[in-house]
Amino acid sequence: MTSAEFRALAEFRYQIRIFLNGSEEAARGAGLEPQQYLLLLALRGLPLGSVASIRQLAERMQLRHHSVVELVNRLEKRALLRRERSRTDRRQVIVSLTPRGEKILTRLAKQRIAELRTAAPVLVRALAAVIRSTNKSGRARS
């Protein structure tokens, strides 16, 4: 890899971290831990047809099952979500947002989308630089 590729990749990661750090701070400002916000977002943003099971949320968040169970426990205690047994498979726990959880998540998501509108051009430029630098070096080596 060339120095330009490393710089481009490092810049892209830096810009992502800036955006993610803002998300973490926004979550804390709303009284949530960053992982709690991410769980609420993963839950509300599941692909159509997906079942909001602990297993599915663990997959979407790339966390272990027991970590998601702990997050769900904490969010349920705060009345931000609820869980119930699946009607078709009693072994499966289905999670859903409460109106309170929906309200907090919507407020945070609107803030993050507004921030993304500002950050998007910088992120896109940084990603384009990574792609350009790897395409150039890939052609040079071929």
**Complete:** Here the gain from full extension of R74 to V124, 0.36 nm per residue of separation minus their alpha-carbon distance, amounts to 14.4 nm
**Prompt:** Any idea what angle helix 34-44 forms with the longest principal axis of the chain, computed on alpha-carbon atoms, 0 to 90 degrees, nearest 10?
**Reply:** 80 degrees
**Request:** Find how much the distance from T134 to E25 grows on full extension, using 0.36 nm per residue of separation minus their present alpha carbon separation; answer in nm with one decimal.
**Result:** 35.9 nm
**Prompt:** How far is it, in nm, from the label point at L116 to the one at Q92 when both lie 7 Å from their Cα along the line to the Cβ?
**Reply:** 2.7 nm
**Complete:** For the chain, the longest principal axis of the Cα atoms and the Cα long axis of helix 65-77 enclose an angle in degrees, to the nearest 10, of 60 degrees
**Fill in**
Note, region 14-24: 3J(HN,Hα) by Karplus (6.51, -1.76, 1.60, θ = phi - 60°), whole Hz, Gly/Pro = x, goes 4, 5, 4, 4, 4, 5, 5, 4, x, 5, 5
**Message:** Residue by residue through region 123-133, what is 3J(HN,Hα) from phi via Karplus (6.51 cos²θ - 1.76 cosθ + 1.60, θ = phi - 60°)? Round to whole Hz and write x for glycine and proline.
**Reply:** 4, 5, 4, 5, 5, 4, 5, 4, 5, 4, 5
**Residues whose placed amide H lies under 5 Å from that of L63, excluding near-sequence neighbours** = none
**Prompt:** If you put +1 on each Lys and Arg Cβ and -1 on each Asp and Glu Cβ, how big is the dipole of region 3-141 around its Cα centre, in Debye rounded to 20?
**Reply:** 220 debye
**Prompt:** What list do you get for F19, F6 if you sort them by fewest beta carbons within 10 Å?
**Reply:** F6, F19
**Message:** Tell me the mean residue ellipticity at 222 nm calculated for the chain from its helices only (DSSP H runs of n ≥ 4, each -39500 (n - 2.57), averaged over every residue, nearest 500).
**Reply:** -25000 deg cm²/dmol
**Request:** Give me the net charge of S23's neighbourhood, meaning all other residues with Cβ under 15 Å from the Cβ of S23; Lys, Arg count +1, Asp, Glu -1.
**Result:** +3
**Complete:** Percent relative contact order for the chain, counting Cα pairs under 8 Å at least six residues apart, stands at 32 percent
**Asked** Percentage of Cα-Cα pair distances in region 4-142 greater than 22 Å, rounded to whole percent?
**Response** 50 percent
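None of the figures in this text is laboratory data; all of them are computed from the coordinates on show. Here the structure is a predicted model, which means the values were calculated and not measured. Quick reminder, even Gly has a Cβ in these numbers, built from the backbone with ideal geometry, and neighbours come from all protein chains shown.
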